[in-house]
Structures are given as structure tokens and as C-alpha cells.
Amino acid sequence: MQSMPYRLIPTVIILSIVAIVSYVYYGTIYEQKPPSPVTSTTYGDIGLEPRGPGQPKWSMNHTKFVSLKEASPYIKLGILFPTYTANRKLGIIWVEKTKAQNKRTVIAMYEKGLQVNAEPLSYEDHREYVQNFAADKRSVKLTVHGVEAYGTEPEEPSEAGPRGQPGYIHWWENGVAYTVGGDGLPVSLLLKVAESTRPH
């Protein structure tokens, strides 16, 4: 019986290693339990970001992006984002997990508490929001891009609300309800941010 040529030995060793690794790997997979609900999954064309420690519950229904360029393909065309943010850098963009691209709520979070929410909404549904804003005694009527808006100055923390109340500006434009706000941010600054918004 002839011995195996030396040049074939490395090939045989490699194939043997591959066979052993494959057996262990696939054997382990088939023994694993189903993934828990917090593991990443997909819905439509968006992946669901697992919710980690400290993330709000609603983040389970949103996908996290780290830049506007990355998020743009998944959000409604024409949604407005600020060009002026008072030197606050964009941190995270959350995009709601729905199949309809033109129905996805977008939440852009910037440094130092600045936040911009954009929610595709009919004018009729938006009027319900406006009634709540108008009923708030802290609200003042404003305009953003020439349309009706409401602004509210922030409130300092108190016994009634340890975190206080954020300042915000809210308006509706071209089928989208916008809210620009943040803890401790005055209406004067928020109005500059709101007026600077442009289509992405």
C-alpha cells in the first residue's frame, strides 16, 4: 500500500478541521433555545434595534440610526430637519417600525437635550394635539415657516415634577406634526431651531 503524497497532507488536515468545526458548530446551534424577544429582528425593510439598559420602552418599536444619511432611505420624503442646532451635535435618530414609509415617526436626538420629533399626521388628527397645546396656560401662539405654532417655556423642577417641564414648539406642516423641544431650552432658542428646519 502506497503512502499518501506529502503534498496532499495539508489538504487532508484542513478538511478534517473543517469537518470537526462544522459538526460542533451546527450541533450547538440545533441545541440552542429560541432567541429572546430582545434580540434583533426585522420588519419590512428595517431592522429592529434591541433595547438595552437605560433605553426607553418605545425604542423597541423603533430602529436606531446614527446619522441622517443612514436614516434617510427609511423616512418620509421631505421631513424637515434643523440646520441650526445651537452647536448641539446629532446623536441618534429613531425611526418608527412600520411597513409604510410615509407613516413612520422620526425622533432626532441631539446633544444637551435638544430633540426634534416628526410625526406624519392628518390635519384633522393634528387639531386634537393643538387643543391640548392651546389649553396649556404656559403656551404662546407663534408661527414657524408662516404657519400656526405653539411654544411653551420650560419649567424648573418642583415637588410636583422633579424633572420639570421641557420647553417646546409645536407646528404642523405638509402632513407632518413637528415638535422641537428639550429640558431647560427656552422658546427663543427653539424657535431658531424650528425656523431653520429644511427637507432632508
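Bear in mind that the values in this text are calculations on the coordinates, not laboratory data. All figures in this text were calculated on a predicted structure; none of them were measured in a lab. In this analysis, Cβ positions are derived from the backbone assuming ideal geometry, glycine residues included, and neighbour counts consider all displayed protein chains.
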Q: With 22 Å as the limit, write out which pairs from 64/89; 76/99; 89/137; 112/137 have Cα-Cα distances beyond it, or answer none.
A: 89/137; 112/137
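What does the C-alpha gyration tensor say about the overall shape of the range 86-158? Classify as rounded when a/c is under 1.5, otherwise prolate if a/b is larger than b/c, or oblate. Each step should come with its number before you reach the end.
Numbers: a/c = 1.91, a/b = 1.11, b/c = 1.72.
Cα axes put the range 86-158 in the oblate bin.
How far, in nm, would the chain grow between residue 61 and residue 196 when pulled straight, counting 0.36 nm per residue and subtracting the alpha carbon separation? Don't skip to the answer; put the middle values down first.
Numbers: separation 135, 0.36 × 135 = 48.60 nm, distance 2.86 nm.
Result for the pair: 45.7 nm of gain on full extension.
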Q) If amide H atoms are built 1.01 Å from N in the plane of the peptide, which residues on other chains or at least 5 residues away come under 5 Å of the amide H of residue 81? A) 198, 200
Q: Would you mind checking the range 113-140 for residues with the amide N under 20 Å from a putative spin-label position 7 Å along Cα→C-beta of residue 174?
A: 116-127
Q. What residues qualify as long-range amide H neighbours of residue 97, i.e. H under 5 Å apart, gap of 5 or more or another chain, H built at 1.01 Å from N?
A. 62, 63
**Q.** Extension gain from residue 84 to residue 129, taking 0.36 nm per residue of separation minus the Cα-Cα distance
**A.** 13.6 nm
Q | Exposure proxy order (Cβ contacts within 10 Å, fewest to most) of 125, 183 | A | 125, 183
